[in-house]
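> Following this message is one structure expressed as structure tokens.
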Amino acid sequence: MESGIPSGSLVSAKLASDFESLADPSKRTFLRAAGLLIAGLIAPEGRARLSLQGAADFGHKVVVVIFGGVRRAETFSSEGLVNIPHLSGDLLHKALFYASIRNEGVTAHFNAISSILTGNWQRVDDWGKLAPATPTVFEHFRKRLGVSRSETWVVASNKALTNMIGASSASDFGPEYGANVVFPKQLMITAVADALRQGRTGNMADRAKVEAELESTLEGSNYEGLGWTVFDAVERLDPRVRDTIKQAIATFVHSGGPTSGDELTFLVSREVMRKFSPRLLVVILSDVEVAHFGSYALHLGGIRTADRLAYQLWQEVEANPEYRGKTTMLVLPEFGRDPDGSSTNGFFNHRANEESTRNTWMMVLGAAVDKPQVIERPVRHVDLCPTLAGLLGCPPMEAQGARLLELKV
Ligand SMILES: [Zn+2]
């Protein structure tokens, strides 16, 4: 059979029969009604298929967990696996694992995270005084698909970040389309500083009083004082956000567990997932950055904390009905750290133009993973943003990075 032209007696008979039936007005009416009915039944499915390919209502969610600087030597190497029992033992077997992801830009925190979030190597101020120069995935997602701000969040421990991480300075984009940005650890630092200044240092040894200190800082500061960008509020935090943070503080203070900055960042992230279930959540952990103070043991402790908290975030994804089955979670470091014996003090820093500093790994879990596999081909940090945009149903964005095709949309 060629060109779709029917041939053969069976097809001819069928056509003849249809033609005959159409000669009968009652049958013609029935067929027209049936046609309309069928069209009506098919149309919603057609629309659903369209939305799978690009509309905002499909609901694929993305959680990105970024670790700060960790070397392969302390993580995915034969000696390093002991520091990441959850990533290597509980998650690797179901992951799409990129064995080599490269930071080819500035290996400083603000630039590294900006590059991940924009798909372009950013070279702005290391301390976040300037916004990324090209649009973030938040702006692209919100502007292109008309998504509300509460669907996009950054929850970060790292003190090298500012709320400039939530939106670019690109014309036609900018803060109007940016993400909610909160720094839970800054709340702790501010609370401790307030208590010290006012001679209430004894309070920090008493968990109930710590809670009161944190809450009073939350109530007393405007969000700008904390460096937060939440719901465009000017003077006060949005009540829903305040309640979210209060719940996280209460859990933080009363759980009896560890009380690091990353722990609070995790608890706030989990509350944000439970209260707002955003489509795109970026969690930035930084306990590992204690390495700058020269303690290798504390740095390893930070890696173990990040490993555990990433796993707990994945457990929340699997337990939370808003996320289960429709979420892709990605875990990656911002960069490595300098090699032992380098002139920059080895693991203390992340400034050397060396493989140890530039080359790390990325783990992908969940809905976009077709089959667990290890990808040896090197990819780049800037490839992440176009990939996230694709997962979220955005039209392609202009970027130096390219979509990672192993992640299925
Ligand atoms: Zn650092």
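The values are calculated or read from the model by the stated rules, or taken from the named source; none is laboratory data. For clarity, every value in this text was computed on a predicted model and none was experimentally measured. Quick reminder, even Gly has a Cβ in these numbers, built from the backbone with ideal geometry, and neighbours come from all protein chains shown. Quick note on the areas: whole protein, heavy atoms, side chains included, nothing else; ligands and nucleic acids left out. Shrake-Rupley method; radii C 1.70, N 1.55, O 1.52, S 1.80 Å.
> Quick check: is even one residue across region 280-294 within 14 Å of the chain's Cα centre (by Cα), modelled with pLDDT of 95 or more, buried (at least 19 other Cβ atoms within 10 Å of the Cβ) and within 16 Å of the ligand (Cβ to nearest atom)?
Looking only at region 280-294, we keep the residues that are within 14 Å of the chain's Cα centre (by Cα), and these are 280-285.
Then drop every residue that is not modelled with pLDDT of 95 or more, which leaves 280-285.
Next, only the ones that are buried (at least 19 other Cβ atoms within 10 Å of the Cβ) stay: 280-285.
Next, only the ones that are within 16 Å of the ligand (Cβ to nearest atom) stay: 284-285.
Yes; the residues of region 280-294 include at least one that is within 14 Å of the chain's Cα centre (by Cα), modelled with pLDDT of 95 or more, buried (at least 19 other Cβ atoms within 10 Å of the Cβ) and within 16 Å of the ligand (Cβ to nearest atom).
> Residues of region 349-371 being within 14 Å of the ligand (Cβ to nearest atom) and open to solvent by 60 Å² or more (accessible area, probe 1.4 Å), which ones?
Scanning region 349-371 gives a single hit, ARG351.
> Starting from residues that are open to solvent by less than 10 Å² (accessible area, probe 1.4 Å) and either within 13 Å of the ligand (Cβ to nearest atom) or of a type in the set (Phe, Trp, Tyr) (or both), keep the ones in region 102-117 and report whichever is farthest from PHE138 (Cα to Cα).
Of region 102-117, the ones open to solvent by less than 10 Å² (accessible area, probe 1.4 Å) are 103, 105, 110-117.
Now drop any that are not either within 13 Å of the ligand (Cβ to nearest atom) or of a type in the set (Phe, Trp, Tyr) (or both), which leaves 103, 110-113.
Details: ASN103: 21, PHE110: 16, ASN111: 16, ALA112: 16, ILE113: 13 Å.
It comes out as ASN103.
> Let me ask something additional. Taking into account only those residues within region 118-127 that are open to solvent by 10 Å² or more (accessible area, probe 1.4 Å) and away from the ligand (no atom under 16 Å from the Cβ), which is nearest to LEU404 (Cα to Cα)?
Applying the first criterion (open to solvent by 10 Å² or more (accessible area, probe 1.4 Å)) to region 118-127 yields 120-121, 123-127.
Subsequent filtering for residues that are away from the ligand (no atom under 16 Å from the Cβ) retains 120-121, 123-124.
Working: ASN120: 15, TRP121: 17, ARG123: 23, VAL124: 26 Å.
The residue in question is ASN120.
> Identify the single condition in (1) without any contact (Cβ under 8 Å) to a residue 24 or more places away in the chain; (2) open to solvent by 30 Å² or more (accessible area, probe 1.4 Å) that LEU130 does not satisfy, given that it satisfies every other one.
Of everything listed in (1) without any contact (Cβ under 8 Å) to a residue 24 or more places away in the chain; (2) open to solvent by 30 Å² or more (accessible area, probe 1.4 Å), LEU130 misses just condition (1).
> So TYR223 clears everything in (1) more than 16 Å from the ligand (Cβ to nearest atom); (2) surrounded by 18 or more Cβ atoms within 10 Å (Cβ to Cβ); (3) at pLDDT 85 or above except one condition, right? Which one?
Answer for TYR223: the failing condition is (3).
> Test each condition in (1) at pLDDT 95 or above; (2) in contact with a Phe, Trp or Tyr (Cβ under 6 Å, 6 or more places away or on another chain) for GLN122 and report the one that comes out false.
(2)
> Considering only region 162-173, I want to know if a residue exists there that is in contact (Cβ under 8 Å) with a residue 24 or more places away in the chain, within 16 Å of the ligand (Cβ to nearest atom) and of a type in the set (Phe, Trp, Tyr).
no
> Assess whether PHE138 counts as being in contact (Cβ under 8 Å) with a residue 12 or more places away in the chain and surrounded by 24 or more Cβ atoms within 10 Å (Cβ to Cβ).
Details: in contact (Cβ under 8 Å) with a residue 12 or more places away in the chain: yes; surrounded by 24 or more Cβ atoms within 10 Å (Cβ to Cβ): yes.
Against the criterion (in contact (Cβ under 8 Å) with a residue 12 or more places away in the chain and surrounded by 24 or more Cβ atoms within 10 Å (Cβ to Cβ)), PHE138 qualifies.
> Here's a follow-up. Report, by residue number, each residue of region 374-395 that is surrounded by fewer than 22 Cβ atoms within 10 Å (Cβ to Cβ) and touching a helix residue (DSSP H, G or I) at 6+ places or on another chain (Cβ under 7 Å).
Correct list: CYS394, PRO395.
> A further question follows. Determine whether GLU322 is more than 15 Å from the ligand (Cβ to nearest atom), at pLDDT 95 or above and open to solvent by 50 Å² or more (accessible area, probe 1.4 Å).
When the stated conditions are applied, GLU322 passes them.
> Something else about it: Name every residue in region 89-101 that is closer than 23 Å to ARG351 by Cα and either open to solvent by 10 Å² or more (accessible area, probe 1.4 Å) or within 15 Å of the ligand (Cβ to nearest atom) (or both), in order of residue number.
ALA99, SER100
> I'm checking my understanding of the structure. Among residues of region 36-81 that are assigned to a helix (DSSP H, G or I) and modelled with pLDDT of 95 or more, which one is farthest from the ligand (Cβ to nearest atom)? Before you say what the answer is, go through the steps one by one.
First, pick out the residues of region 36-81 that are assigned to a helix (DSSP H, G or I): 36-54, 56-58, 72-74, 81.
From what's left, modelled with pLDDT of 95 or more: 72-74, 81.
On the way: ARG72: 17, ALA73: 17, GLU74: 14, LEU81: 23 Å.
Per the criteria, the residue is LEU81.
> Can you tell me which residues in region 295-308 are in contact (Cβ under 8 Å) with a residue 60 or more places away in the chain and either open to solvent by less than 10 Å² (accessible area, probe 1.4 Å) or more than 16 Å from the ligand (Cβ to nearest atom) (or both)?
Filtering region 295-308 for residues in contact (Cβ under 8 Å) with a residue 60 or more places away in the chain gives 299-300, 302-304, 306-308.
Matches in region 295-308: HIS299, GLY302, ILE303, ARG304, ALA306, ASP307, ARG308.
Let's see how each residue does on (1) closer than 26 Å to CYS385 by Cβ; (2) not in a helix (DSSP H, G or I):
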site	(1), (2)
THR265	yes, no
SER269	yes, no
MET273	yes, no
PRO278	yes, yes
LEU281	yes, yes
HIS292	no, no
LEU298	no, no
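> Tell me, which residue of region 327-344 that is more than 13 Å from GLU74 (Cβ to Cβ), of a type outside the set (Val, Ile, Thr) and surrounded by fewer than 16 Cβ atoms within 10 Å (Cβ to Cβ) is nearest to the ligand (Cβ to nearest atom)?
Among those residues, the one meeting the criterion is SER343.
> While we're looking at this one, here's another question. Which condition breaks for THR251 when tested against (1) of a type in the set (Val, Ile, Thr); (2) crowded, with 23+ Cβ neighbours inside 10 Å; (3) more than 16 Å from the ligand (Cβ to nearest atom)?
It fails just one condition, (2).
> Please verify whether region 143-150 includes one or more residues that are more than 17 Å from PHE183 (Cα to Cα), touching a strand residue (DSSP E or B) at 6+ places or on another chain (Cβ under 8 Å) and modelled with pLDDT of 95 or more.
no
> Identify, from the list LEU285, LEU332, LEU280, LEU313, the residue that is within 15 Å of SER157 (Cα to Cα) and touching a residue at least 60 places away in the same chain (Cβ under 8 Å). Steps first, please.
On the way: LEU332 fails: within 15 Å of SER157 (Cα to Cα); LEU280 fails: within 15 Å of SER157 (Cα to Cα); LEU313 fails: within 15 Å of SER157 (Cα to Cα).
Exactly one of LEU285, LEU332, LEU280, LEU313 is within 15 Å of SER157 (Cα to Cα) and touching a residue at least 60 places away in the same chain (Cβ under 8 Å), namely LEU285.
> Can you say whether VAL147 is part of a loop (DSSP other than H, G, I, E, B), surrounded by 20 or more Cβ atoms within 10 Å (Cβ to Cβ) and among the hydrophobic types (A, V, I, L, M, F, W, C), as far as the supplied structure shows?
Numbers: part of a loop (DSSP other than H, G, I, E, B): yes; surrounded by 20 or more Cβ atoms within 10 Å (Cβ to Cβ): yes; among the hydrophobic types (A, V, I, L, M, F, W, C): yes.
Yes: the conditions hold for VAL147.
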